[in-house]
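A quick write-up on the structure given underneath.
No value in this document is a laboratory result; all are computed from the given coordinates. Just so it is clear, the structure is predicted and the values come from calculations on it, not from any experiment. Quick reminder, even Gly has a Cβ in these numbers, built from the backbone with ideal geometry, and neighbours come from all protein chains shown.
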Amino acid sequence: MRTLSLVSWLLVVAASAAAPQVRDPGLARLEQEVARLAPLAGGTVGVAAVHLESGREVYFNRVEPFPMASTYKVPIAVQLLTRVDQGEVRLDSLIALTPADLHPGSGTLTELFDDPGVILSLRNLLELMLLISDNSATDIVLRTAGGPAAVTARMRALGFDGIRVDRPTAQLIADWVGLKEIPLVQPNTPRQFSDLFEQVPDSERAAAARRFNADPRDTATPETMARLLTRIWRKEILRPATSDLLLDIMLRSTTGAERIKGLLPPDTPVSHKTGTIGGTTNDVGIVTLPGDAGHVVTVVFVKASDKEIPERERAIAHIARTIHDYFLFNPALPARPRNR
């Protein structure tokens, strides 16, 4: 009798596997609407959306590599927190900053350096990297994480071949500007960095920007970034408490109010990270839908755009709102039709 039950169960499993999978018929229309909105950003747009509870996905230019800009701080954070989980580093360890740690770009650490003697915990630096996208903090965190090669190796080990981290922010910005060499003894004020950048001729700046857009370094595909965020949310690559810490910091991010969050209903929770450099404007994160509608990983990359940043941000906001509304009003797969 037990043998018969087992055979019956195997037949049910086989029949279920052979049955055609139900596909949400509305996803094609959502994809078409994303494609319609993409030209608003100029340049090339890549989009990934994953409804975490149902597993439904929508992509646009899913395997196209895009410069991550500061969204590469998410994989850097994952590698650092992996080392924390493994007991190799501690978030409460204190790091003394030196003038050589001050780098160009976004952030406020340079404002703290009126006098030497700034000491911050690794947790402080991680938060500065993700909350306000501080580039000086990022390069210290990257160094503590083991460097770019360690981050990329971690992504490869997780199966994310479409994500690579190759340079600290100081080198990345120098390459974008066309600055051929960063002095070994780095300037200790933003003004000195600006002076170096201003010495680059306009023609070389333009050529460097074109090279940057085609450079495979420090890039990700929309699909792979969405997979990384999905596995962070599912607590599959970090310990649960560590995953919660990362998502909480990203929830409190102060950048990109006009991007994914730009047209969403007020107070919609979004754990996200932005990125901006030259013709690149990005935002990647996890949107919490109201009620029991679930969560949506939302990735929008823009590269080689000739439009102003506010126009790119508006396009990102329109795409994010379209994705939000679709899964809000369609939170579950359609029911399988019954045989009659």
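A few comments on the model shown:
- C-alpha long axis of helix 222-233 to longest principal axis of the chain, angle in °: 80 degrees
- Relative contact order, percent, the chain [alpha-carbon distance under 8 Å, six or more residues apart]: 26 percent
- Excluding same-chain neighbours fewer than eight residues apart, the aspartates and glutamates reachable from Lys180 by a Cα-Cα span under 20 Å are Asp101, Asp139, Asp166, Asp195, Glu198, Asp202, Glu204, Asp215, Asp218.
- The phi-based Karplus calculation (6.51 cos²θ - 1.76 cosθ + 1.60; θ = phi - 60°) puts the 3J(HN,Hα) values of the range 158-173 at 7, x, 9, 5, x, 10, 9, 10, 10, 9, x, 4, 4, 6, 4, 5 Hz, whole numbers, x for Gly and Pro.
- Taken along the Cα-to-beta-carbon direction at a fixed 7 Å, the label points for Asp161 and Val118 span 4.1 nm.
- The distance between label points at Thr254 and Gln32 comes to 4.4 nm (points 7 Å beyond Cα on the Cα→Cβ vector).
- 0 to 90° range, to nearest 10: angle between helix 73-85 axis and the chain longest Cα axis: 80 degrees
- The simple spin-label model puts a point 7 Å past each Cα toward its Cβ; for Leu328 and Arg90 those points are separated by 4.6 nm.
- Charge dipole (debye, nearest 20) of the range 24-329; +1 at Cβ of Lys and Arg, -1 at Cβ of Asp and Glu: 660 debye
- Residue-averaged [θ]222 nm for the chain, counting only DSSP H segments that reach four residues, each worth -39500 (n - 2.57): -14000 deg cm²/dmol
- Cα extents for the chain along the principal axes, largest to smallest and rounded to whole angstrom: 79, 46, 35.
- Anisotropy class of the range 228-291 from Cα gyration tensor, a/c 1.5 cut: oblate
- Relative frequency of Cα-Cα separations exceeding 21 Å in the range 159-258, percent: 56 percent
- Computed over the range 185-340, the convex hull of the alpha-carbon atoms projects to a mean area of 14.3 nm².
- Annotation: peptides 231-242, 278-289, 211-222, ranked by per-residue average of other Cβ atoms within 10 Å with the highest first, follow the order 278-289, 211-222, 231-242.
- Relative packing of peptides 129-140, 28-39, 54-65 - highest average C-beta neighbours within 10 Å first: 129-140, 54-65, 28-39
- 0 to 90° range, to nearest 10: angle between helix 2-18 axis and the chain longest Cα axis: 60 degrees
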